[in-house]
Amino acid sequence: MSVPNTDRAEIARALAVLHAPDSIVELRALFQRGRKRTAAGYFDGEHRAALVDAAVTLNQDGAAVYVNLNPLDPQLLARYANRVEDFAAATATDVNVTGRRWLLIDLDPARPKDTSATDEQLETAKATARAIYAELQERGWTKPIAAESGNGLHLLYRIDLPNDDASRDLVKGCLEALAARFDNAAVKVDRSVFNAARIVKLYGSVANKGDNLPLAPWRLSRLGLVPAELHPVPRELLEALADEAKPAERPRANGSAQSGTHAWSDADVSAFLARGGLEVVGEPALHDGALRWKLRRCPFNPEHGPGEAAVFQTPDGRLGFKCQHSSCAEKHWTDVRELVDGPRERRQGDEATKCRTSRTVAAGATPLMRPIPPPEPYPVDALGPVLAPAARALAELVQVPEALAAGCVLATAGLVAQKQANVQTLGGARPLALFVLTVAGSGDRKTAADKVALAPVDEHVRKMHASYEAELAEWERAKEAGKLDRANARKAAGSGDEYAEALREIAAEPKPRKPWIVCSEPTAEGLVKSLADGQYAQGIFTDEGGQFIGGHALSEEAELRTIAMLSRLWQGDRIDRVRATDSEH
């Protein structure tokens, strides 16, 4: 089946409609096939053509292509200035937005994950979009931009709001109210698109979820209705709609939150999350008047990453759960409780006792393992005045736990320092070799953290590659000249002693060492060769531990010699390798 062509003119038109001519635009490309990665770049008004070129190339390479909706801090240009970073470690967040200019109503038809919509599903989304458009017209809202995302419909209303908590709650309330009124089994309003740094499909690019089939084809995203004049929706009309989503006031309850007959304290909630294996990001904190526990991942969909799901305890004594993704919109506290403790009718025993005991999956079940206690805080300050600030900066930049960032920084520092000095032990001098293992889940940004920490090493390797090629060419020339010098010396020598003396005068330059510093999955034999031909200090770095542990180096037949080889290297022992096929080593 033919694939639609990315429309360069439509992309340029979309950029002109959505963004001011002098604004900074973030281009973000998500590669979902094979090794998932994110590419990103920032482009100023003078480089719109370069942005279009990059978007076309990325989309044709298989990426889904997006841009920011709201204006960004111009300083972000310095991150990746008028270019695309292939493995972007950082992208725009809410704090980088300078104001809100668009309210996005995203209507997606219900369908299996990672598939394109059928024609029938797309028509259903269009019908819902028309109904919402008519409703808001009757309320006096200004005309929106209507666009096709490729799998659904977008209504983009012009707004003019500051980027603050009140604006966030106002936009969120509007989406909640529309979802409550128009959601059905076939189409839903995406309630998660309220954040200021929301990205939107770059119209003119191809929507390419799943495989391109006649039943569920890839389509070109495109602008539809674009009013000649775009006027902001008055704030009072936004507030009137958002007010419809506010729950009725309930009387406040004194003391702890209530669940059935048991009063839950803060400690009870924390213990419940721990025994349910629901990892919390940071400490519980107040948010909009409620005490909130941000979860590392959603219990109903682990792909919903850090901070996108939370358990909360309201001032009036209620427990709640919220995930920002529309697919989890119907999940509430009772679903979380049932997931951990089983159905209510099967729960036994006193609720207060159960809340403080080990996890109970079904009535009467006794756990085989104790709950894992929360980890001790990582001693970042122990890294010293140079590495500790670097670890904290990395954690803030990539939005990862300090422990993960500290591991990346410490391992990289060990690699860099290894060539410079040894450490003195009771057994003598030993290399500055480290073994660092960080356990983290999928989507916890291990790759991004490693990439940022190793960026100076990667830059150094690139420079070494450039000089290595020149040094190798010079060495080859010197080698050939040496052959000629030795031949001439042999002809001129009157005796063997004279020839030996002449050879001493012909110095042989050592062959340049290859710029090998970091590898991800070596074999024992390959590592020895790498140390013989490459740099004297090298590191094994991988953001997927399973790639190394499950790879050839630790296969059943190679496991013992690989571990023995690594142990000898870590101890600084001499490595001897004699093979019949070795000619140089």
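The values are calculated or read from the model by the stated rules, or taken from the named source; none is laboratory data. All of these numbers come straight from a predicted model, not from anything done at the bench. Please note: Cβ atoms are built from the backbone with ideal geometry, for glycine as well, and neighbour counts cover all protein chains shown. When the accessible area is computed, the model is the full protein with side chains, heavy atoms only, and any ligands, DNA or RNA have been set aside. Shrake-Rupley method; radii C 1.70, N 1.55, O 1.52, S 1.80 Å.
Numbers for the structure displayed
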read-out	value
Single residue of the stretch 21-39 satisfying the filter (among the aliphatic types (A, V, I, L, M) and modelled with pLDDT of 95 or more) that is farthest from residue 99 (Cα to Cα)	27
The stretch 119-139, residues that are open to solvent by 30 Å² or more (accessible area, probe 1.4 Å), of a type in the set (S, T, N, Q) and touching a strand residue (DSSP E or B) at 6+ places or on another chain (Cβ under 9 Å)	121, 124
Close pairs from the stretch 309-336: first assigned to a loop (DSSP other than H, G, I, E, B), partner open to solvent by less than 20 Å² (accessible area, probe 1.4 Å) and of a type outside the set (Val, Ile, Thr), Cβ under 6 Å, at least 6 apart	314/290; 317/257; 324/192; 325/192; 325/304; 332/321
Those residues of the stretch 457-494 which are over 30 Å from residue 412 (Cα atoms) and of a type in the set (Lys, Arg), in sequence order	477, 479, 483, 486, 490, 491
Residue ranges of strands (runs of 3 or more DSSP E) in the stretch 153-246 with at least 3 members touching a Phe, Trp or Tyr at 6+ places or on another chain (Cβ under 9 Å)	153-161, 199-201
Qualifying positions in the stretch 183-219 - surrounded by fewer than 20 Cβ atoms within 10 Å (Cβ to Cβ) and among the hydroxyl-bearing types (Ser, Thr, Tyr)	192
Complete set of residues in the stretch 54-79 that are open to solvent by less than 10 Å² (accessible area, probe 1.4 Å) and among the small types (Gly, Ala, Ser)	55, 63
In the stretch 80-101, the residues that are buried (at least 20 other Cβ atoms within 10 Å of the Cβ) and outside any loop (DSSP other than H, G, I, E, B)	84, 96, 97, 100, 101
Selected residue (criterion: nearest to residue 113 (Cα to Cα)) from residues of the stretch 293-306 that are open to solvent by 20 Å² or more (accessible area, probe 1.4 Å) and touching a Gly at 6+ places or on another chain (Cβ under 9 Å)	303
Scan of the stretch 109-118 for residues that are over 24 Å from the mean Cα position of the chain (by Cα) and either open to solvent by less than 10 Å² (accessible area, probe 1.4 Å) or not polar (S, T, N, Q) (or both), ordered by number	109, 110, 111, 117
Every residue from the stretch 43-79 that is at negative phi and part of a loop (DSSP other than H, G, I, E, B)	44, 61, 63, 69, 70, 71, 73, 79
Enumeration of residues in the stretch 206-236 that are touching a residue at least 12 places away in the same chain (Cβ under 8 Å) and of a type in the set (Gly, Ala, Ser)	207, 210, 216, 221, 224
Qualifying residues in the stretch 498-516 (those that are more than 19 Å from residue 465 (Cβ to Cβ) and not in a helix (DSSP H, G or I)) - the one modelled with the lowest pLDDT	507
Members of the stretch 423-478 found to be closer than 24 Å to residue 515 by Cβ and among the charged types (D, E, K, R), listed by number	450, 451, 458, 459, 462, 463, 469, 471, 474, 476, 477
So residue 483, is it surrounded by 16 or more Cβ atoms within 10 Å (Cβ to Cβ) and among the charged types (D, E, K, R)	no
Residue among 446, 451 that alone is open to solvent by 60 Å² or more (accessible area, probe 1.4 Å) and within 30 Å of residue 397 (Cα to Cα)	451
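So that you can scan it fast, the table gives a plain yes or no per residue for (1) open to solvent by 70 Å² or more (accessible area, probe 1.4 Å); (2) modelled with pLDDT of 65 or more; (3) farther than 30 Å from residue 405 by Cα:
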position	(1), (2), (3)
319	no, yes, yes
327	yes, yes, yes
340	no, yes, yes
353	yes, no, yes
362	no, no, yes
365	no, no, yes
368	yes, no, yes
380	no, yes, no
387	no, yes, no
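To keep it simple, each residue is scored yes or no on (1) within 31 Å of the chain's Cα centre (by Cα); (2) in contact (Cβ under 8 Å) with a residue 40 or more places away in the chain.
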{"site": "138", "(1), (2)": "no, no"}
{"site": "145", "(1), (2)": "yes, yes"}
{"site": "150", "(1), (2)": "yes, yes"}
{"site": "157", "(1), (2)": "yes, yes"}
{"site": "181", "(1), (2)": "no, yes"}
{"site": "189", "(1), (2)": "yes, yes"}
{"site": "193", "(1), (2)": "yes, yes"}
